[in-house]
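Worksheet: one structure, shown below.
The values are calculated or read from the model by the stated rules, or taken from the named source; none is laboratory data. Keep in mind the model is a prediction, meaning the values are calculated, not measured. FYI the Cβ positions are ideal-geometry reconstructions off the backbone, even for glycines, and counts take in every protein chain you see.
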Amino acid sequence: MQVTIKVFRYNPEKDKKPHYETYQLEADPTDRVLDLLEKVKGYKDGTLSFRRSCAHGVCGSDAMRINGSNKLACKALVHDFGAKITVEPILGLRVIKDLIVDMEPFFDNFRKVLPYFINDDPAPEKERYQSQEDRERFDDTTKCILCAACTTSCPSFWASDEYLGPSAIVNAHRFIFDSRDQGAAQRLKIMNEIMGVSRCHTVFNCTLACPREIQITKAIGEVKKALMTGSLE
Ligand code: SF4
Ligand code: F3S
Ligand code: FES
């Protein structure tokens, strides 16, 4: 099939403002949007810039807006979008060049939630025991690949990148509800700050955008409930 792909282009070193370039490509319906971008870069315009690494939905580096919705380009198939595809950078973060945005504010928020295991007890001889039931408590939020599709689809984050955002809260949830971890009180204090969970107005864009199908709004709700009740039950 013939596909017309319209791509956001912006090189701050040369361009006064962003513009779009349109390319005609021969594509297979099962090609991925990432394949189309590779074709443009390889055969039409080598200056096109975008991030990608694994090309298999694992590294989280190629989140972009495809026909208006946040997707991973390596998981977005042409037949789901049709013959006219528009590709733009994710919103709420500064564009460095073309489809590449500055991820630092996103990772700053990630770092704020202490996204690592905290337990000062002496390490046991073998593993720290955890029941299957306790492990399941945070099974969903372990799946995050830090792609930022959720956070950059959230109107509260568009309003201020100081808002921790759904991804950081998901990663806080992963440790808050881990029965082996001892940092829940510290993290809940961070969640309760002015730019924490109270900025979430249950818009659900994050849940719809997540390529890992994490129930993000539910996880945020669980963090809010833990703050209100003082219990992790
Ligand atoms: Fe990406 Fe989902 Fe993680 Fe958000 S929660 S960063 S959308 S994988
Ligand atoms: Fe934003 Fe998701 Fe809440 S889109 S407002 S974090 S439910
Ligand atoms: Fe790694 Fe798409 S390139 S998730």
message: Regarding the range 88-96, can at least one residue be identified that is more than 21 Å from F50 (Cα to Cα), part of a loop (DSSP other than H, G, I, E, B) and touching a helix residue (DSSP H, G or I) at 6+ places or on another chain (Cβ under 7 Å)?
response: no
message: Among the residues in the range 221-231, are any farther than 18 Å from F107 by Cα, in contact with a Cys (Cβ under 8 Å, 6 or more places away or on another chain) and touching a residue at least 60 places away in the same chain (Cβ under 8 Å)?
response: no
- prompt: Of all helices (runs of 4 or more DSSP H) completely enclosed by the range 103-216, which ones contain at least 2 residues that are more than 16 Å from ligand 1 (Cβ to nearest atom), in contact (Cβ under 8 Å) with a residue 60 or more places away in the chain and more than 16 Å from the chain's Cα centre (by Cα)?
  reply: 184-191
field: Per-region count, the range 1-55, residues among the aromatic types (F, W, Y), more than 24 Å from the chain's Cα centre (by Cα) and under 28 Å from I145 (Cα atoms)
entry: 0
query: Looking only at residues in the range 181-216 that are within 7 Å of ligand 2 (Cβ to nearest atom) and within 20 Å of L72 (Cβ to Cβ), which one is surrounded by the fewest Cβ atoms within 10 Å (Cβ to Cβ)?
result: F204
- prompt: Picking from F175, F117, which residue would you name as being in contact with an Asp or Glu (Cβ under 7 Å, 6 or more places away or on another chain) and crowded, with 19+ Cβ neighbours inside 10 Å?
  reply: F175
Residue in the range 56-70 that is farthest from the chain's Cα centre (by Cα), counting only those that are away from ligand 2 (no atom under 16 Å from the Cβ) and among the aliphatic types (A, V, I, L, M): I66
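Quick grid of which residues meet (1) outside any loop (DSSP other than H, G, I, E, B); (2) surrounded by fewer than 16 Cβ atoms within 10 Å (Cβ to Cβ); (3) in contact (Cβ under 8 Å) with a residue 40 or more places away in the chain:
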{"position": "K6", "(1), (2), (3)": "yes, yes, yes"}
{"position": "N11", "(1), (2), (3)": "no, yes, yes"}
{"position": "Q24", "(1), (2), (3)": "yes, yes, no"}
{"position": "T30", "(1), (2), (3)": "no, yes, yes"}
{"position": "L34", "(1), (2), (3)": "yes, no, yes"}
{"position": "L37", "(1), (2), (3)": "yes, no, yes"}
{"position": "G46", "(1), (2), (3)": "no, yes, no"}
{"position": "A55", "(1), (2), (3)": "no, no, no"}
{"position": "M64", "(1), (2), (3)": "yes, no, no"}
query: Before we move on, is L77 within 16 Å of ligand 3 (Cβ to nearest atom) and under 20 Å from E21 (Cα atoms)?
result: no
task: Can you tell me which residue among P211, P166 is more than 16 Å from ligand 3 (Cβ to nearest atom) and in contact with a Cys (Cβ under 7 Å, 6 or more places away or on another chain)?
output: P166
task: Please tell me if D15 is modelled with pLDDT of 95 or more and in a loop (DSSP other than H, G, I, E, B).
output: yes
- prompt: Looking at the range 62-95, which of its residues are among the charged types (D, E, K, R) and in contact with a Lys or Arg (Cβ under 8 Å, 6 or more places away or on another chain)?
  reply: D62, R65, K71, K75, K84, E88
